[in-house]
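Asks: Once you've had a glance at the structure underneath, I'll fire off some questions.
The values are calculated or read from the model by the stated rules, or taken from the named source; none is laboratory data. Model, not experiment: these values are computed from the prediction. With ideal geometry, Cβ positions are generated from the backbone for all residues, glycine too; neighbour counts draw on all protein chains shown.
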Amino acid sequence: MVKISKTYVPNLKEKYMCEKHKIFFKKKLSEWKAEIIKSNNEALYNKSLDDNSTSADIVDQASSYTEKNVEMRAINRQIKLISKIDQALKKIKDGTYGYCEETGEPIGIKRLIARPIATLCIAAQEKHEKEEKVYADL
């Protein structure tokens, strides 16, 4: 089995998605997922301790409800992110990680380091965003 150092960063001279790259991104994705889960657990635990919804003041109750709503939306976004991380980890396992879902072309090391859950190469992503903008403008 191939090992990488803690300071290892994939470079362009290596074969794209070689074993070292896969290990690097698996580690990066796993650590990111653990960090999100820890942060969500802390947020949920801390919020359950300072629940002031029993306040008699209607303004306090409304404010508390709004804060909880914002926090729950943030947690829901984090849950979706965890799902994308899990999909990326699955792709590493099946050998499809790092390749564009639309074109099959390499996504690129720099893009994956910046956005490890990327599923589209830059060209496909730009095309996708242009199509979204066209529909948004209708």
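Asks: How many residues does the range 109-138 contain that are touching a helix residue (DSSP H, G or I) at 6+ places or on another chain (Cβ under 8 Å) and either more than 29 Å from residue 14 (Cβ to Cβ) or small (Gly, Ala, Ser) (or both)?
Replies: Qualifying residue count, the range 109-138: 1.
Asks: Going by what's in this entry, would residue 89 be described as surrounded by 17 or more Cβ atoms within 10 Å (Cβ to Cβ), among the hydrophobic types (A, V, I, L, M, F, W, C) and over 19 Å from residue 35 (Cα atoms)? If you could, list the steps in order and put the result at the bottom.
Replies: Numbers: surrounded by 17 or more Cβ atoms within 10 Å (Cβ to Cβ): yes; among the hydrophobic types (A, V, I, L, M, F, W, C): yes; over 19 Å from residue 35 (Cα atoms): no.
No; evaluated as a whole, the condition is false for this residue.
Asks: Here's a check for you: in the range 1-31, which residue that is of a type in the set (A, V, I, L, M) and assigned to a helix (DSSP H, G or I) is nearest to residue 117 (Cα to Cα)?
Replies: Residues of the range 1-31 that are of a type in the set (A, V, I, L, M), as a first pass: 1-2, 4, 9, 12, 17, 23, 29.
Narrowing the set further to residues that are assigned to a helix (DSSP H, G or I) leaves 23, 29.
Working: 23: 15, 29: 8 Å.
Only one residue tops the list, namely 29.
Asks: Could you list all residues from the range 93-116 that are under 15 Å from the mean Cα position of the chain (by Cα) and closer than 13 Å to residue 18 by Cα?
Replies: In the first step, residues of the range 93-116 are kept if they are under 15 Å from the mean Cα position of the chain (by Cα); the result is 97-98, 111-116.
Across the range 93-116, the qualifying residues are 97, 98.
Asks: Report those helices (runs of 4 or more DSSP H) wholly inside the range 42-138 carrying at least 2 residues which are in contact with an Asp or Glu (Cβ under 6 Å, 6 or more places away or on another chain), modelled with pLDDT under 90 and within 30 Å of residue 28 (Cα to Cα). Break it down into steps so the answer makes sense when it comes.
Replies: Working: elements: 58-94, 109-114, 122-137.
Because the criterion is at least 2 residues that are in contact with an Asp or Glu (Cβ under 6 Å, 6 or more places away or on another chain), modelled with pLDDT under 90 and within 30 Å of residue 28 (Cα to Cα), no helices (runs of 4 or more DSSP H) in the range 42-138 meet it.
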